[in-house]
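First the structure, in the form of structure tokens, and then the observations on it.
The values are calculated or read from the model by the stated rules, or taken from the named source; none is laboratory data. The shown structure was predicted, so the numbers you read here are calculated from the model rather than taken from an experiment. Here Cβ is always computed from backbone atoms with ideal geometry, including for glycine, and neighbour counts include all displayed protein chains. When the accessible area is computed, the model is the full protein with side chains, heavy atoms only, and any ligands, DNA or RNA have been set aside. Shrake-Rupley method; radii C 1.70, N 1.55, O 1.52, S 1.80 Å.
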Amino acid sequence: MTATVRRSRLSSEREAELYQAVIELVREVGYEAMTMDAVAARSRSSKATLYRQWQGKPQLVAAAMRHNRPVKTLDVDTGSLRGDLHRLADEVGDAAEHDTSFMGAIGHAVSSNPDLAAALQEMLIDPERAKLDAMVRRAVDRGEIAADAAAVEFFAHMVLGAVIARKFLEGKFADGEYLSRYVDAVVLPALGVV
């Protein structure tokens, strides 16, 4: 008779500690130099635990990013597109320096590591984009924007692109004030909101 080995899930507190270790290591040494050994040592875990819970480094980093994202797009629903976007601008602006620095640390890795790119797409990008799409659908349902507005297709690009572009173009983080002005000058007019 063979005994069944039971694999327990990590507690939410323990998982949060582990994710924090991952984020810190990526910031300190970059994605490429971060190892599962280093994560295990930093988080006082075994490599077996890490591989049992996540298939590898790409999935672990993507899970850590999802867990530590400071902006929860799903929570933004003020009853108007303008209100939603200004709330999102404030939240993203508050987190921009933190997130932009981290994203810079893994930016090269994403372009050269298809496993990391796939894990981020599945665990972070697709869910956030779906939430932004839902924000636009609510605005269409309320009659704030036309369903066939050409810019609807580019909504996520407009909203997220400003955060990344400002750092690269101006060397500044996209704070809440900047993003609010961007929403009023670019996003809302492109969608036909007056």
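A few notes on this one:
- Enumeration of residues in the stretch 103-143 that are basic (Lys, Arg) and closer than 18 Å to GLY161 by Cα: ARG129, LYS131
- All of (1) open to solvent by 70 Å² or more (accessible area, probe 1.4 Å); (2) farther than 30 Å from GLY30 by Cα hold for LEU188 with one exception: (1).
- Residue, least open to solvent (accessible area, probe 1.4 Å), within the stretch 31-63, restricted to residues that are more than 15 Å from LEU120 (Cα to Cα) and of a type in the set (Ser, Thr, Tyr): SER43
- Number of the exception - ASP37 against (1) assigned to a helix (DSSP H, G or I); (2) among the acidic types (Asp, Glu); (3) at pLDDT below 90: (3)
Residue-wise test of (1) of a type in the set (D, E, K, R); (2) touching a helix residue (DSSP H, G or I) at 6+ places or on another chain (Cβ under 6 Å); (3) at positive phi.
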| residue | (1), (2), (3) |
| --- | --- |
| SER111 | no, no, no |
| ALA134 | no, no, no |
| ARG137 | yes, no, no |
| ALA162 | no, yes, no |
| VAL186 | no, no, no |
| ALA190 | no, yes, no |
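Every residue, every condition in (1) at pLDDT below 90; (2) assigned to a helix (DSSP H, G or I); (3) open to solvent by less than 80 Å² (accessible area, probe 1.4 Å), yes or no:
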| position | (1), (2), (3) |
| --- | --- |
| LEU120 | yes, yes, yes |
| PRO127 | yes, yes, yes |
| ALA134 | no, yes, yes |
| ARG137 | no, yes, no |
| GLU144 | no, no, yes |
| ASP148 | no, no, no |
| ARG166 | yes, yes, yes |
| ALA174 | yes, no, yes |
| TYR178 | no, yes, yes |
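- Condition met for ASP90 (open to solvent by 70 Å² or more (accessible area, probe 1.4 Å) and at pLDDT 95 or above): no
- In the set ASP115, ASP133, ASP90, ASP141, only one residue is without any contact (Cβ under 8 Å) to a residue 12 or more places away in the chain, acidic (Asp, Glu) and out of contact with any strand residue (DSSP E or B) (no Cβ under 6 Å at 6 or more places or on another chain); that residue is ASP141.
- In the stretch 151-163, the residues that are modelled with pLDDT of 85 or more form Cβ pairs under 9 Å with partners that are buried (at least 18 other Cβ atoms within 10 Å of the Cβ) and not in a helix (DSSP H, G or I), at six or more places apart or across chains, as follows: ALA151/ILE145; VAL152/ILE145; ALA162/ALA174.
- Residue satisfying all of: in the stretch 147-194; farther than 25 Å from GLY107 by Cα and small (Gly, Ala, Ser); nearest to the chain's Cα centre (by Cα) among these: SER180
- Any hit, the stretch 151-172, residues being basic (Lys, Arg) and within 19 Å of THR78 (Cα to Cα): no
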